[in-house]
Amino acid sequence: MNTEHLIEMANQIGEFFASMPDRDEALAGIADHIRRFWEPRMRRAILASLDDPAAGAAISPIVREALIRARDALTPRAAA
């Protein structure tokens, strides 16, 4: 899994939603898009990058905020 590519994709999603006038709606839109369209291993990798100062530095501020706010909802659940 190429974390740099995932960060690029997340930042592109963030750029799209950043144009929304309502910031809370934009943050929810970013998180919802990632939750709905990214497979669990992609979500695990992008969330792990939040805890890695080197990788996390490349995440745009709006994406970082969206990921932090929605971390629980974005974290894939373990299979039973």
Item to complete: Taking the Cα centre of the chain as origin, work out the dipole magnitude from +1 charges on Lys and Arg Cβ and -1 charges on Asp and Glu Cβ, in debye rounded to 20.
Response: 320 debye
Fill in: Base-10 log of normalised Debye intensity for the range 3-74 (one unit scatterer per alpha-carbon) at q = 0.12, 0.13, 0.28 Å⁻¹
-0.25, -0.30, -1.44
Worksheet item: For a paramagnetic label modelled at 7 Å from the Cα of Arg71 toward its Cβ, which residues of the range 7-51 fall within the zone defined by backbone nitrogen distances under 14 Å?
Response: 44-51
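FYI, it's all coordinate maths here, none of it is from the lab. Keep in mind that what you see is a predicted model, and the values were worked out from it rather than measured. A quick note on method: Cβ atoms are made from the backbone with ideal geometry, for glycine too, and the neighbour counts reach across all protein chains shown.
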